[in-house]
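Comments concern the structure below.
The values are calculated or read from the model by the stated rules, or taken from the named source; none is laboratory data. Just so it is clear, the model here is predicted, and its values are computed rather than measured. With ideal geometry, Cβ positions are generated from the backbone for all residues, glycine too; neighbour counts draw on all protein chains shown.
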Amino acid sequence: MEKIVIVGAGVAGVNAATKLVDNGYPGEAITIIDMGKSPYERKYSEVMEGFLGAGGWSDGKLTYHTAIGGHMSKYCGEDKAMELFDEVINNFKRFHPKPEEVQCSDPQAEPDFIKPHFGLRLFPVWHVGTDYLHEIGKNWYDFLVSKGVKFIWETKVTNIDFDNQELYCDWNTPKETIKYDRLIFAVGKSGIDFGKALADQYSFPTEPKPVQIGVRFEAPQHHFQKLIDISYDFKLYRKFEDEGVSLRSFCTNNNAAYVAVEETYGNHSYNGHAKKDEAFRNNMTNFGILMEINGIEEPFKWAREVVQKLQFHGTGLYYSPTRIPSTTSEGEDVRSYQIDNLSGVENVMGEYWTYIMDFIEDMKKVFPTLKDDWGIYIPEVKYLSPEPLVDYKNLALNQFDNVHFVGDALSARGITVSGAQGTYVAEDILGRFCKVENGSYICEWDNHMGDNITF
Ligand SMILES: Cc1cc2nc3c(=O)[nH]c(=O)nc-3n(C[C@H](O)[C@H](O)[C@H](O)COP(=O)(O)OP(=O)(O)OC[C@H]3O[C@@H](n4cnc5c(N)ncnc54)[C@H](O)[C@@H]3O)c2cc1C
C-alpha cells in the first residue's frame, strides 16, 4: 500500500479519494491538502477554493457526453469514459439530500427556429443547483472523514520536489515537508499558475492548446424560454473552419441565475451559476459566448495578456445598450466596471471581437424579443494551460510515473470530466494492489483491515 497525497479537494481529488475508499483502500493512507476550507467553513464568496473546489459553488450541471467538458475519451475510449461519467453522477446523487430533484435535460433534435444561424449541441445534462451542492459537500466530506481520509485545510502547496517525493506548503510556523509515495495533482483552475510553474521548472513536454475566450452574456430569461424548454443548458454553436475559429454558448444558467466573478492570476473574469431554491428566483439567464481560436502562437500567454488588458479599476468590464450589472445571490453587485461603448474592447480583441458581436446580432434574429435587453461581462476565459504529456492509461507524467495530473489541471473543463479523471486514476492505483473478480476488487489489504496504519 502507498501513502497517497492529493493536492486539491476539488471535484477530481474528491472523486479519486471516494473511488479508493469505496473499494477498501484505507482512508488513513490518503491525505488531501487544500488551500480553501471545509464545506462547513467555506463562505459563499469563496467561489474557487475548498471542498469540491470550483465544482462546490458551481451551477452543478453534470454534462454527460464525451464531446463536452474536456478530454476523457482520448485517454480511455468512449465506453469507458461514459462508465466513469456514470460513477461521478452517481456520487453526486448519493450524497444529495433529495436525489430525486436532480433533473436531466436531454434534447433530441435541433429546433428549426435557430437555423440557419446556429447549430445546437445535443447531449444530456443533469442539473444539481448551487444550493444543493453545499449540502452534498457536507455529506460527502463527512463520508470521507468517516473512512479515515485526512484533510489539511487552508494550506497552499507552494512547491513539489518530484525527485524526492515531497511537498512544500505555506505553513505559518516551520513544519516538515509532506512526503508521498503517490501524488494526485488536482489543483483545478485556481492552481493553474502553480501547474504551469511546475511544468516550466521540470520542462514537462506539453500538448498544444487553443485559446478559449469570450464574454458572459446575461438577459431576462423569457427571451430564451422557447429554447430552454428544449434544452436547459443549450449550446448554440457555429464554426468558421477556414479561420480556425468556433463559437458556442457555454454553461447556461436559468431561473435563479447569477453571474460569478472568477479570479485567476489576480485578474477578474466571469462565469455563472444557478440556484434551485425558488427564494432566489430572478428569472434571468446567463451563459458564456466562448470562442475557440486555433493557431495562436503561445496561446496561454496571449489569453492572459488579453484578460489583463480588459481590466479597469481592478475588475472586468460590463457593457449593455440598456441595462446595469446584476447582483449576486447575496445581493451584492457583481464586480465589474460599466463601459458605454465597446471600442476599447475591440482594440484589445482585434478581429476576433467581430465574431462575438455577430453571435449576439444573430441571437437577436432568432430570439426576436431580445433586442437591446441584454448585457455582457467581459471577459470570460477558459485558460487551457499547456497540457502536460501523460500516460493515457493512468494520467501519470511521462517523467514521474507516481504523479498523476487530473481535472482542470490537466485537460478537463467541467465537473463530470474532472471527476471521471480522478476516478480513472484511482482505478489504476487500485489495479496495483487488487484484482477484479465478479465486478469487485479483491485487494491485498483485505485481510489487514484492522491493522493500524501509520505513515
Ligand atoms: C462559478 C462556476 C460555475 C461552474 N459551473 C459548472 C457547471 O455547472 N458544470 C460544470 O461541469 N462545470 C462548471 N464549472 C467548472 C467546474 O467547477 C470545474 O471544471 C471543476 O470543478 C474542476 O474540477 P477540479 O477538481 O479539476 O478543480 P477544482 O474543483 O477547481 O478544485 C481544485 C482545488 O484545488 C485547490 N488548490 C488549488 N491550488 C492549490 C494549491 N497550490 N495548494 C492547495 N490547494 C490548491 C483549490 O482550493 C480547489 O479546491 C464552474 C466553475 C465556476 C467557477
- prompt: If you go through the stretch 334-348 one residue at a time, how many are without any contact (Cβ under 8 Å) to a residue 60 or more places away in the chain and surrounded by 11 or more Cβ atoms within 10 Å (Cβ to Cβ)?
  reply: 8
- prompt: Is it true that some residue in the stretch 290-302 is among the basic types (Lys, Arg) and surrounded by 15 or more Cβ atoms within 10 Å (Cβ to Cβ)?
  reply: no
- prompt: Looking at the stretch 168-192, which of its residues are surrounded by 16 or more Cβ atoms within 10 Å (Cβ to Cβ), more than 9 Å from the ligand (Cβ to nearest atom) and outside any loop (DSSP other than H, G, I, E, B)?
  reply: Ile178, Arg182, Leu183, Ile184, Phe185
- prompt: Residue check: is Glu46 free of Cβ contacts under 8 Å to residues at least 40 places away in the same chain and farther than 27 Å from Cys443 by Cα?
  reply: yes
message: Taking the conditions exactly as written (within 15 Å of Phe118 (Cα to Cα), part of a loop (DSSP other than H, G, I, E, B) and either away from the ligand (no atom under 13 Å from the Cβ) or not hydroxyl-bearing (Ser, Thr, Tyr) (or both)), does Phe250 satisfy them or not?
response: no
field: Residue that is farthest from the chain's Cα centre (by Cα) [pool: residues in the stretch 94-120 that are without any contact (Cβ under 8 Å) to a residue 12 or more places away in the chain and over 16 Å from Arg238 (Cβ atoms)]
entry: Asp112
- request: Name the single residue, out of those in the stretch 52-75 being among the β-branched types (Val, Ile, Thr) and in a loop (DSSP other than H, G, I, E, B), that is surrounded by the fewest Cβ atoms within 10 Å (Cβ to Cβ).
  value: Ile68
field: Matching strands (runs of 3 or more DSSP E) fully within the stretch 337-455 where at least 3 residues are under 30 Å from Pro299 (Cβ atoms)
entry: 337-339, 375-382, 403-405
- request: Among what's in the stretch 203-225 and is at pLDDT 95 or above and not in a strand (DSSP E or B), pick the residue that is surrounded by the most Cβ atoms within 10 Å (Cβ to Cβ).
  value: Phe224
message: Among the residues that make up the stretch 76-87, is at least one of them within 15 Å of the ligand (Cβ to nearest atom), in a loop (DSSP other than H, G, I, E, B) and either of a type outside the set (Val, Ile, Thr) or closer than 28 Å to Tyr258 by Cβ (or both)?
response: no
- request: Determine the pairs where a residue that is in contact (Cβ under 8 Å) with a residue 24 or more places away in the chain and charged (D, E, K, R), located within the stretch 407-421, has a partner that is more than 6 Å from the ligand (Cβ to nearest atom) and not in a loop (DSSP other than H, G, I, E, B) with Cβ atoms under 6 Å apart, the partner being 6 or more residues away or on another chain.
  value: Arg413/Gly70; Arg413/Lys382
task: Would you be able to say whether some residue in the stretch 13-22 is more than 27 Å from Val334 (Cβ to Cβ), part of a helix (DSSP H, G or I), in contact with a His (Cβ under 9 Å, 6 or more places away or on another chain) and not polar (S, T, N, Q)?
output: yes
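So that you can scan it fast, the table gives a plain yes or no per residue for (1) away from the ligand (no atom under 12 Å from the Cβ); (2) closer than 20 Å to Tyr265 by Cβ; (3) in contact with a Leu (Cβ under 6 Å, 6 or more places away or on another chain):
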{"site": "Ile360", "(1), (2), (3)": "yes, no, no"}
{"site": "Leu370", "(1), (2), (3)": "yes, no, no"}
{"site": "Pro379", "(1), (2), (3)": "yes, yes, yes"}
{"site": "Gln399", "(1), (2), (3)": "yes, no, no"}
{"site": "Leu410", "(1), (2), (3)": "no, yes, no"}
{"site": "Gly414", "(1), (2), (3)": "no, no, no"}
- prompt: Does the stretch 58-71 hold any residues that are more than 6 Å from the ligand (Cβ to nearest atom) and either under 16 Å from Glu135 (Cβ atoms) or of a type outside the set (Val, Ile, Thr) (or both), and which are they?
  reply: Leu62, Tyr64, His65, Ala67, Gly70, His71
message: Suppose we filter Glu110, Glu154, Glu135 for residues that are at pLDDT below 90, outside any strand (DSSP E or B) and acidic (Asp, Glu); which single one remains?
response: Glu110
query: For Gly50, are the conditions met, namely being in contact with a Lys or Arg (Cβ under 6 Å, 6 or more places away or on another chain), within 16 Å of the ligand (Cβ to nearest atom), under 24 Å from Lys189 (Cβ atoms) and of a type outside the set (A, V, I, L, M, F, W, C)?
result: yes
query: Of the residues that make up the stretch 116-126, is at least one at pLDDT 90 or above, surrounded by fewer than 18 Cβ atoms within 10 Å (Cβ to Cβ) and within 16 Å of the ligand (Cβ to nearest atom)?
result: no
